[in-house]
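The values are calculated or read from the model by the stated rules, or taken from the named source; none is laboratory data. Just so we're clear, the structure is a prediction, and the values are computed from it rather than from any experiment. Don't worry about glycine lacking a Cβ; one is built from the backbone with ideal geometry, like all the others, and counts go over all protein chains shown. Calculation scope for accessible area: heavy atoms of the full protein, side chains included, ligands and nucleic acids excluded. Shrake-Rupley method; radii C 1.70, N 1.55, O 1.52, S 1.80 Å.
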Amino acid sequence: MSDYAENAIDATIAHQPSPGERFYPAFEVTPELDAAASEYVTHYPEGKQKSAVLPILHEIQKKFGFISADAIAWVGEKLNISAAHVLGVVTFYPGLRQMCPGKTHIRVCRTLSCSMARADSLFDPICTRLGIDKSGIDHHHPIGVSPDGLWSVEGVECLANCGFGPNMMVNDLLYEKVTPELLEEVIAKHQNA
């Protein structure tokens, strides 16, 4: 970990080990990543380059699975902003993760309309079926990962499909009106992929 981790926000950026890490490379600043970040910076006017923080973080998460403390420090250096500012962005947006998910990541919508459509009834069967220990999932550790790292589950705020709940996403595929039967079909489909 970088020297950055020696300060008061250690607990917030502390590495949370995950079995899913075996499916993603460890964070490193590659020439491709640096070039992509530099390209994002060019999309913003002089003096506003720090606005590139969000697209750069998305690029990092796409490649490495999550936003690590080293990634936070690098983005801060790249954009000439504090790592605390970058961390503020990471912790503000629920789509950005500080823990590596499993190879196949399931997001279950938990907002009001999906809750009224019984989205809460999906979480336990997903955890049971995939061997995910639900007891470790909380506000500070929102992702549960199976011991083999193949699966993870997370309750999320709004998948923007409110009229068709309960909704869930598997990686980037949206499933609506999820019933126990559809849930089993979806898991089987992704197990065989």
Q. In this structure, does Leu150 turn out to be surrounded by fewer than 20 Cβ atoms within 10 Å (Cβ to Cβ) and within 23 Å of Ile67 (Cβ to Cβ)?
A. yes
Q. In the set Arg118, Arg129, Arg107, which member is in a strand (DSSP E or B) and of a type in the set (Lys, Arg)?
A. Arg107
**Q.** Among (1) of a type in the set (S, T, N, Q); (2) modelled with pLDDT of 90 or more; (3) touching a Phe, Trp or Tyr at 6+ places or on another chain (Cβ under 9 Å); (4) within 30 Å of Asp148 (Cβ to Cβ) - the single one Ser51 does not satisfy
**A.** (4)
Q. Quick one: which of Ser2, Ser38, Ser18 is modelled with pLDDT of 95 or more and either polar (S, T, N, Q) or in contact with a His (Cβ under 7 Å, 6 or more places away or on another chain) (or both)?
A. Ser38
Q: Scan segment 170-184 and give yes if some residue there is buried (at least 21 other Cβ atoms within 10 Å of the Cβ) and in a loop (DSSP other than H, G, I, E, B), otherwise no.
A: yes
**Q.** Members of segment 62-76 found to be open to solvent by less than 20 Å² (accessible area, probe 1.4 Å), in a helix (DSSP H, G or I) and of a type outside the set (Gly, Ala, Ser), listed by number
**A.** Phe64, Ile72, Val75
Q | segment 77-96: number of residues that are open to solvent by less than 80 Å² (accessible area, probe 1.4 Å) and either on the phi > 0 side of the Ramachandran plot or touching a Cys at 6+ places or on another chain (Cβ under 9 Å) (or both) | A | 0
**Q.** Filter pass, Ala52 being open to solvent by less than 80 Å² (accessible area, probe 1.4 Å), touching a residue at least 60 places away in the same chain (Cβ under 8 Å) and not in a loop (DSSP other than H, G, I, E, B)
**A.** no
Q: Could you tell me which residue of segment 116-164 is nearest to the chain's Cα centre (by Cα), considering only residues that are of a type in the set (Gly, Ala, Ser) and on the phi > 0 side of the Ramachandran plot?
A: Gly149
Q) Within the set of pairs 6+ apart or on separate chains, which have a first residue in segment 119-131 that is open to solvent by 60 Å² or more (accessible area, probe 1.4 Å), a second that is charged (D, E, K, R), and C-beta atoms under 9 Å apart? A) Asp120/Arg110; Asp124/Lys134; Thr128/Lys134; Arg129/Glu184
Q. Which residues, taken from segment 133-147, are open to solvent by 10 Å² or more (accessible area, probe 1.4 Å), within 11 Å of Gly20 (Cβ to Cβ) and part of a loop (DSSP other than H, G, I, E, B)?
A. Pro147
Q. Looking at segment 40-98, which of its residues are of a type in the set (D, E, K, R) and under 13 Å from the mean Cα position of the chain (by Cα)?
A. Glu59, Lys62, Lys63, Arg97
Q) Among the residues of segment 78-86, is any among the charged types (D, E, K, R), modelled with pLDDT of 95 or more and within 27 Å of Ala26 (Cβ to Cβ)? A) yes
